[in-house]
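Trainee: Dumping the structure here so I can ask a few things about it.
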Amino acid sequence: KDITTVEGLSDGQALHQMQEAFLQHDAFQCGYCTPGQLCSAVGLINEGRARTRDDVRELMSGNLCRCGTYPRIRAAIKRAAGLPAEQA
């Protein structure tokens, strides 16, 4: 099976849309959890499982962020997933 790490999300110098969304929403602080958050977020979108705010919250619940940037992380995922504003 193929394994994609956070470094493999980008295409050369072009960041993945999720990486861009994390930057736009300042969805990281210390950076410790960022690789896991990004890979999980990309995975749940690729699997078609991020349909609502509650979906995103539940599916990302196993990823812990000590800095507490959960609202920004959810906003970034919503943006990258194309969810309506009222759902994330």
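Trainee: Could you rank the peptides 32-44, 63-75 by their average count of other C-beta atoms within 10 Å per residue, with the highest value first?
Mentor: 32-44, 63-75
Trainee: If only Cα atoms are counted, what is the Rg of the chain, and what is its Dmax, in Å?
Mentor: Spelled out, the Cα radius of gyration and Dmax of the chain are 12.0, 37 Å.
Trainee: Over region 9-88, give the accessible area per residue in Å² for a 1.4 Å probe, as an integer.
Mentor: 60
Trainee: Express the carbon and sulfur contribution to the solvent-accessible surface of region 19-88 as a percent, rounded to the nearest whole number, probe 1.4 angstrom.
Mentor: Its accessible area is 47 percent carbon and sulfur atoms.
Trainee: A further question on this structure: Counting only protein chains, not ligands or nucleic acids, how are Asp54, Asp2, Asp26 ordered by accessible area (probe 1.4 Å), most first?
Mentor: Largest to smallest exposure gives the sequence Asp2, Asp54, Asp26.
Trainee: Return a whole-number percent for the relative contact order of the chain, with Cα pairs under 8 Å and 6 or more residues apart as the contact set.
Mentor: 37
The values are calculated or read from the model by the stated rules, or taken from the named source; none is laboratory data. Quick caveat, the model's predicted, so the values are computed rather than measured. Here Cβ is always computed from backbone atoms with ideal geometry, including for glycine, and neighbour counts include all displayed protein chains. For accessibility, only protein heavy atoms count, side chains too; no ligands or nucleic acids. Shrake-Rupley method; radii C 1.70, N 1.55, O 1.52, S 1.80 Å.
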